[in-house]
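Enquirer: Encoded as structure tokens, here's the structure I'll be asking about.
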Amino acid sequence: MPLQPSTTRRLDHVLTTAQREGRMPSVAAGLVRGGSLVWTGAVGTVDGRADGRAADDDTQYRMGSITKTFVAVEVLRLRDAGRLDLADRFGAHVPGSAFDDVSLEQLLTHAAGVQAESQGPWWERTPGGSWDELVGSGVGQRFRAGRRFHYTNVGYGALGRLLEVLHGKGWFEVVRDELLEPLGMTRTTTRPTGSAAQGLAVHPFADVLLPEPEHDAGAMAPAGQLWTTVTDLARWATFLGGETAGLLSAETLAEMVEPHHVVDEPGKPWTGAHGLGWQVWNVDGVRSAGHGGSMPGFIAGLRVGLDEPGAGDGVVMLTNTTATAGGRPLMNDLLGALAEHEPATPAPWSAAGDPALLELAGPWHWGPSVDTAKVVGEHLVLGEPGAGRGSRFRRVGEDLWEGLDGYHTGEPLRVVRRADGTVSHLDLASFRFTRTPYDPEGDVPGGVDDLGWR
């Protein structure tokens, strides 16, 4: 559904203001909702000159580290195809480096302790070499694998090499053939093609510009090589929002955005973590996922909401400047304007429940405590998810359910019946839930005192 003209005007104003205040030569942005691109805007010129060519939604910019998310998705696709396990050691597939003993999961989550940058000159501004040259330069670990989060570009160079070894072709060929082309992302490339912005540095104390170099990063390319447009990057945002075109299962996508390692910054509350290739944020209890990116001359961002009411609402942003304070606030402001002027419409309620589940609804007792079971859509909800040990459960078999939240995630809930078929009690990972507190007929472990309550 198209946005209202008043909303579009507000978004255009937010973008124009951010471009001016952030001193961005050009900036392009887009918003997605419901699996579709609902708004794009672009301000400025590709070379930063007043008389230059205007940027638009087909202008290419470097996405920087958002490249890593494509590599990560390809690794998970290999896992789902049974060709590797995330617990595998890197050396089992690509032997001969200092990373032989770190796991693939540790590389994906930046927990392998691998050094952040390559050994040579600033790799983002100098041409890159081969994998053998990168390994031979002496790159290694800064920390014990698994100890802590430590962002590593080198680690994603290693994962790109993993794709090459297992597929027998270049990492970008893998990404192009298996992700970009099926998703229609024809304007995402390793080098600029067609309409592309010049990477620029803006002087901090004067309104003058300096062109930044551009090159092939070689073995480090999987960490940040790709160029893209707002339209293409928005398609990747809808992929993160669940529109995967069958290229990745919903279960694997959910696994990728689970927080694996907290990003710990001294003096600040924990609001960020890293999943399997994706960054995850939790701000005031509202979760989102995505990734940021930067290369000399460029800054990029992608973020998609994971929680209602803004689940699936996402923003992408591309600009051709090395440094600006306006990137993250711009993304926040665009999403905020969308939510304020056109809040997401909740799905209407309808009576679509299963009457057969009424026998499970109502109060249950774990010892003397009281929890209420409700049937909500396809889920059985015991207690309040997010409070105590409350959880949703999904049916996985006859009288068998599986926890989806908090303490009981993945744990089995079994409906135990009497000989006549009526429900006796619930067995939740060995805990007994009975209709009355410590019901002696509920097979309570340890038994119930013969004299009962007194």
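Laboratory data are not the source of any read-out in this text; all were calculated from the coordinates shown. All values derive from a computational prediction rather than experimental measurement. Heads up, the Cβs are rebuilt from the backbone with ideal geometry, glycines too, and the neighbour counts pull from every protein chain shown.
Enquirer: If you fit an axis through the alpha-carbon atoms of helix 153-167 and take the longest principal axis of the Cα set of the chain, what angle between them do you get, 0 to 90°, nearest 10?
Expert: Tilt relative to the chain: about 80 degrees.
Enquirer: What percent does the relative contact order of segment 78-203 come to when contacts are Cα pairs within less than 8 Å and at least six residues apart?
Expert: Value for segment 78-203: 23 percent.
Enquirer: Counting only C-alpha contacts under 8 Å and six or more residues apart, can you give the relative contact order of segment 355-442 as a whole percent?
Expert: Relative contact order comes out at 23 percent.
Enquirer: Let's see if you can work this out: charge +1 on each Lys and Arg Cβ, -1 on each Asp and Glu Cβ, no other charges. What is the dipole magnitude of segment 83-127 about its Cα centre, in debye to the nearest 20?
Expert: Taking the Cα centre of segment 83-127 as origin, the dipole is about 120 debye.
Enquirer: Would segment 405-451 count as rounded, prolate or oblate if I go by the C-alpha gyration tensor, calling it rounded below 1.5 in a/c and otherwise prolate when a/b exceeds b/c, oblate otherwise?
Expert: Here segment 405-451 falls in the oblate category.
Enquirer: I'd like the distance between the alpha-carbon centres of segment 365-387 and segment 100-161, rounded to an integer number of Å.
Expert: 45 Å
Enquirer: Can you work out the Karplus-derived ³J(HN,Hα) for every residue in segment 426-431? Use 6.51 cos²θ - 1.76 cosθ + 1.60 with θ = phi - 60°, whole Hz, and x for glycine or proline.
Expert: Once θ is set to phi - 60°, the couplings for segment 426-431 become 10, 10, 10, 6, 5, 7 Hz.
Enquirer: Still on this structure, please answer the following. Please sort by residue number the chymotrypsin sites (Phe, Trp or Tyr not before Pro) in segment 87-149 whose DSSP state is loop and whose Cβ has at most 15 other Cβ atoms within 10 Å.
Expert: Hits after loop and neighbour filter: Trp122, Phe143.
Enquirer: Another question, then. Which of the trypsin sites (Lys or Arg not before Pro) across segment 28-112 are loop residues per DSSP, with 13 or fewer other Cβ within 10 Å?
Expert: Arg49, Arg53, Arg83
Enquirer: Cross-link partners among aspartates and glutamates for Lys169, C-alpha distance below 18 Å, same-chain residues fewer than 8 apart left out?
Expert: Glu74, Asp132, Asp177, Glu178, Glu181, Asp216
Enquirer: May I pose another question? For the chain, just the Cα atoms, rotate onto the principal axes and tell me the three extents in Å, largest first.
Expert: Here the spans come out as 88, 59, 44 Å, largest first.
Enquirer: Within segment 142-192, which trypsin sites (Lys or Arg not before Pro) sit in a loop by DSSP and count at most 15 neighbouring Cβ atoms inside 10 Å?
Expert: Those that pass, being in a loop and sparsely packed, are Arg142, Arg144, Arg147, Arg148, Lys169.
Enquirer: Against the longest alpha carbon principal axis of the chain, how many degrees, from 0 to 90 and to the nearest 10, is the axis of helix 327-341 turned?
Expert: It works out to around 50 degrees.
Enquirer: A follow-up question, please. Report ³J(HN,Hα) in whole Hz for each residue of segment 434-444, in order, from the Karplus equation J = 6.51 cos²θ - 1.76 cosθ + 1.60 where θ = phi - 60°; Gly and Pro get x.
Expert: 10, 6, 10, x, 6, 4, x, 8, x, 6, 6
Enquirer: To continue, here is another question. So what's the net charge close to Gly326: Lys and Arg +1, Asp and Glu -1, counting the other residues with Cβ under 12 Å from its Cβ?
Expert: +1
Enquirer: Right, next: Over segment 355-442, what per residue volume does the convex hull of the Cα atoms give, in whole Å³?
Expert: Taking the convex hull of the Cα positions in segment 355-442, it is 89 Å³ per residue.
Enquirer: Kindly write out, for segment 72-85 in residue order, the coupling ³J(HN,Hα) from the Karplus curve 6.51 cos²θ - 1.76 cosθ + 1.60 (θ = phi - 60°), rounded to whole Hz, with x marking Gly and Pro.
Expert: My calculation for segment 72-85 gives 5, 4, 5, 5, 5, 5, 5, 4, 5, 7, x, 8, 7, 10 Hz in order.
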